[in-house]
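Report on the structure given below.
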Amino acid sequence: MPATDTLDPRRLAALIASVALVMAPHAARVPLWTTLFCALMLAARFLIGWRRRPLPSKTVLILLAAAAIAGVALSYRTLFGRDSGVVLLLALASLKLLEMRRIRDVNVVIILCYFLTITNFFYTQTIPTALYSIGVVWMITATLVSLQHATPVGRLRSIATTSGVLLLQAIPVMLLLFLLFPRVQGPLWGLPQIQHSARTGLSDSMSPGTITQLSLSDEIAFRVQFESTPSNVQQLYWRGPVMWDFDGRTWRTSQPVRLSVWRYESLAPPINYTVTLEPHDDRWLFLIDLPASLPPDSFLTRDYQVLSARPIRERRRYDAQSVISYRVGEETLRGELQQALVLPDGVAMRARALARQWQAESADAQEVIQRALHHFGTQAFVYTLEPPPLENDPVDQFLFETRAGFCEHYASSFAVLMRAAGIPTRIVTGYLGGEINPVDGFLIVRQSEAHAWTEVWIDNQGWVRVDPTAAVSPLRIQQGITSAVPETDPQPLIRRTRIEWIRQMRHAWDAVTNSWNQWVLGYTPEQQSRFLNSFGLPRIGWEEMVVSLIAGTGLVLLGFGLTMLMRARRRQLDPVQRSWTRFVDLMARRGLVRRPAEGPVDFTDRAIARFPELEQKLRTIAALYIRLRYGERSEARDLENLNLEIKKLA
Amino acid sequence: MNPDSGAARDSRGLNRSLRDRIGEWIFPTKAPERGPVILSQRRVYILPTRAGLLYALTLVLMLIGSINYNLSLGFGLTFLLAGTGIVSMLHTWRNLAHVELRAGRTEPVFAGDRARFHVLAVNPGRIARLSLAIQFTESDPEQFDVGPRSETEVRIRVPAPRRGMLRPGRFRVGTTFPIGLFYAWANVHLDLACLVYPAPESGNVPLPDVQAASGRGAATGRGDEDFAGLRDYHAGDSPRRIAWKSVARGEALVTKVFAGSVAAAELWLDFADTPPALGIEQRLSRLTRWVLEAHQGGLRYGLRLPGRHIELGVGEAHKTRCLECLALFQPGDS
């Protein structure tokens, strides 16, 4: 029989549509040739089925497969990476359609479709993706159902319903599995090197313009849930990369030095909070100012940065504790202080001169700092997102010519001034501010809240934070960036809006996304045990999980099974009918079988003729039954009596 | 190829011998069941199909991938599909459970043809039963649907290579609906039987000579004109010969017998007339051919077999009696 007849055109169309739906999200990501290749194969397969032409020969298929493999090797330089693997799978799946000679091949294609659905999650796991995938799975399952239908396709609705019912009934099982299946922390084997897409976020260096660029991004850096939200939540400094080394234009972090013990004097009660950090491909974790305790798998550096053991490639949730008012670092090593004084030769000469002048005129470091801040506050400095470009000697040019800049300009030049005046100084980058979502109470910190400030070391006080931006633009610190920069500066559109309902919608959607992130995407082994413990189950182990999983699934299936059984069986007779049937069976055992067309009266007459000695009882039974069944009024006790009489007869 | 022969496909697969063996172990071949057979939940067995195993393997791969890449949605999808698979098992099972099967009528066939058994499938429940298939070991699966609270007559064709009473024995009713991951089946042994007549011999085998034993012989001609009397009606008698007048008077059905047809040809088809060299089956084949030809020719004929003989007669019922006798002839009878 010709191979083209594996599927009739309608089933074939459904199958090809399923494959196309599964592949569609990949289209924008894979190399152009892959998209064209797959589209071509699908179209070819459809035409072959429609026109009832023979499938291509093995030779042609092998050549096409070889071409696809060569394409992957050329595009990715490897066949075994994650991305190249996906492309290879897409190409081979579309080829498999052309090699679909038997019904078994059709099954393989469909199961491959299920598998391809998951590959999309490598790249996106948002709510829309989830909804789309459910739709796709529905379509694939419907295709599978249509293959099982013996009758010709035509009852599309019934096929779609069957598929939908299957998926709906699968949901309780899915939820149980999702919640109770013992989670293992991946990866099981080394994650292949993923090509780093350029992600917005802080980096390990800062030059004029770095943070200004970030301030245009509306992307979320992290979300915070406080145990009790502090009143000054907008004025919390989230510490990120700390920079020591300056080359005249760019500040850079230095080698992280691990600090196993750190001493500080807390001047206020610590605050507890949970951060959900978006992936940024680097190792730093953001905590408020001075960490009091560390999240797992992380360590503290000598400049109080918290570094994760591994780069943050997935959204990460961690509990943290911080102090916001403290004295720390009084015992800092001389070598470290020396490093915080270094300035490159030949740059910022005018600034250095100014600083030395301040130093000469001041009694102590405090006074020098005050003079510098006063200088920023009084000398017509402008805080703007569109500073003029700085060329050869950015510090001097900014301090004495342009006088317009963003936080990194102020932090950088302030640090240079301090170092020149002999005060050890370092740059701290991080985030300042954020927005409380009124819907769920989470603090949302976006890339646009990126900030840079400084820390100076003062005798007897240790490291003290000084934010020179505050001297120029107190509004930035108090009310956030939107109110601090001129209206005309470019800013993310959505943040500028003052239309109330748009803001509310945005908050609502953000709260939904956040719950999704917290509960679905962030359901890690840790979160799992936290969730299960919240039911008052202390320390539930994987054995208990498996047992309750099996028990739960069993109960669900039992429920479905019993319901199905009820619907599959003959309808249960009503009690009167059941009693009568019992009576008829009884008589049958005595040798009198009711004829199919015999009513109660005729049957009883025949029974009396056969067993005259039972006449009284038989008449009672018949009378009761007739009254219960056909009478206008019957008493509640009638049924009882009927059953009693029948029992006596037995 | 039928795209939807799910059950067919799988029962042909590797699993089949295994299933047969399991089936035999759980349900040792027993005497046929009389009356309707209800496929109670205990009678319905279920195992994954090859596609089901592939599906399970894919889910394991997806689970490993989800763990390795920490794909929460991957877990979600894997578990959704696992749930679908498990639920589909229930659906496959309930597609078969509580279906009633009854033996239907069967028409005799000639050896070498295919016997057609009729099985009545009754669905007492409120849910449609789709894509069920009945299959004897040696037959192709026969697909059918039964709507809610309705019944379907399923016709199953089984090869009938030899004459005699063909008892196909146990059959399997199975289904892979809705998604082909599981195969639910039940073994049912209804009291099905089909009479298989010997295959009529082909080729040039003329009827033996007509005997003029009764003396009236061929001279009387073949006419239907001479009314000879009435006899009881037999199924198969031509309606033209029914004595409609007596029917109209409210009497029982009787058939008119005509002298002409009695005398036309009096033919004894005798086993002994066939060459012994042919072997018993071949000889029976020849006799079958003769019976058919004699009937066709409207002759009055009788059948003699070792140990049995059928008196001269005509008509459909007579032919059937002769063929039955040939079908069930046991060589040991002589």
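Odds and ends about this structure:
- Theoretical gain in end-to-end length, A:Glu330 to A:Gln366 [0.36 nm per residue, Cα-Cα removed]: 11.4 nm
- Per-peptide average of other Cβ atoms within 10 Å, ordering B:270-277, A:120-127, A:79-86 highest first: A:120-127, A:79-86, B:270-277
- Per-residue 3J(HN,Hα) values for segment B:301-309, derived from phi via the Karplus relation 6.51 cos²θ - 1.76 cosθ + 1.60 with θ = phi - 60°, read 9, x, 10, 10, 10, x, x, 9, 8 Hz in sequence order (x marks Gly and Pro).
- The distance between label points at A:Val601 and B:Ser150 comes to 3.6 nm (points 7 Å beyond Cα on the Cα→Cβ vector).
- For chain A, the longest principal axis of the C-alpha atoms and the axis of helix A:32-51 are separated by about 20°.
- Per-residue HN-Hα couplings for segment B:136-149 [Karplus 6.51, -1.76, 1.60; θ = phi - 60°; Hz; x = Gly/Pro]: 8, 3, 9, 10, 7, x, 10, 8, 7, 10, 10, x, x, 6
- Nonlocal amide H pairs with B:Arg300, under 5 Å, H built at 1.01 Å: B:Ala265, B:Leu267
- Note on segment A:286-383: Cα Rg divided by 2.2 N^0.38 Å, N the number of residues, gives 1.51.
- Descending by average beta-carbon neighbour count within 10 Å, the peptides B:60-66, B:45-51 line up as B:45-51, B:60-66, the highest first.
- Residue-wise HN-Hα coupling along segment A:431-446, computed from phi with Karplus coefficients 6.51, -1.76, 1.60 (Hz; x: Gly, Pro): 10, 9, x, x, 9, 7, 7, x, 6, 10, x, 6, 8, 9, 10, 9
- Each Lys or Arg adds one and each Asp or Glu takes one away; over the other residues whose Cβ falls under 15 Å from the Cβ of A:Thr274, this sums to 0.
- Surrounding net charge for A:Pro9, when Lys and Arg each add one and Asp and Glu each subtract one, Cβ distance under 10 Å: +3
- Förster radius 25 Å - calculated FRET efficiency between A:Arg610 and A:Arg569, Cβ distance, rounded to 0.05: 0.15
- Taking label positions 7 Å along the Cα-Cβ direction at both A:Asp245 and A:Val382, the computed distance is 3.5 nm, reported to one decimal.
- When both segment B:147-203 and segment B:264-317 are represented by their alpha-carbon centers, they are found 32 Å apart.
- Within 10 Å of each Cβ in B:59-65, the average number of Cβ atoms from other chains: 4
- Separation of segment A:227-261 from segment A:331-347 is 18 Å, based on Cα centroids.
- With bins 5 Å wide beginning at 0, the percent of Cα pairs of segment A:39-136 falling in each bin runs 2, 12, 18, 20, 20, 14, 9, 3, 0.
- Selection of GluC sites (Glu not before Pro), segment A:375-408, meeting DSSP coil and at most 14 other Cβ within 10 Å: A:Glu391
- For B:Met165, the solvent-accessible surface with a 1.4 Å probe is about 90 Å², rounded to the nearest 10.
- Note on the protein assembly as shown: Cα convex hull, mean projected area over all directions, 64.7 nm².
- Largest accessible area first, the listed residues A:Trp251, A:Trp519 line up as A:Trp519, A:Trp251 when surface is computed with a 1.4 Å probe on the assembled protein chains.
- 10 Å Cβ neighbours from other chains, averaged over peptide A:167-175: 6
- Estimated distance in nm for a label pair at A:Arg627 and A:Arg263, the labels positioned 7 Å out from Cα along Cα-to-Cβ: 10.1 nm
- In the protein assembly as shown, lysine pairs with alpha-carbon atoms under 21 angstrom apart (chain gap of 8 or more, or interchain): 5
- Shielding score for A:139-149, defined as the mean number of other chain Cβ atoms within 10 Å: 6
- Accessible surface comparison of A:Glu330, A:Glu500, A:Glu99, probe 1.4 Å, protein chains only, largest first: the order is A:Glu500, A:Glu330, A:Glu99.
- Rounded accessible area of A:Leu32 (nearest 10 Å², 1.4 Å probe): 120 Å²
- Under 5 Å between amide hydrogens, built in the peptide plane, is the criterion, and for B:Glu33 it picks out B:His189, B:Leu190, B:Asp191 among residues at least 5 positions away or on other chains.
- Annotation: peptides A:202-208, A:585-591, ranked by per-residue average of other Cβ atoms within 10 Å with the highest first, follow the order A:202-208, A:585-591.
- Seen from A:Asp105, the other residues with C-beta closer than 10 Å to its C-beta sum to a net charge of +3, counting Lys and Arg as +1 and Asp and Glu as -1.
- Linear extension gain, A:Val439 paired with A:Arg589, 0.36 nm per residue minus alpha-carbon span: 46.7 nm
- Euclidean distance between Cα centres, segment A:95-143 to segment A:592-650, Å: 63 Å
- Amide H within-cut-off set for A:Val428, under 5 Å, with H built and near neighbours excluded: A:Met243, A:Trp453, A:Thr454, A:Glu455
The values are calculated or read from the model by the stated rules, or taken from the named source; none is laboratory data. Everything quoted here is computed from the prediction, not taken from an experiment. Positions of Cβ are generated from backbone atoms using ideal geometry, with glycine treated the same way; all protein chains shown enter the neighbour counts. Quick note on the areas: whole protein, heavy atoms, side chains included, nothing else; ligands and nucleic acids left out. Shrake-Rupley method; radii C 1.70, N 1.55, O 1.52, S 1.80 Å.
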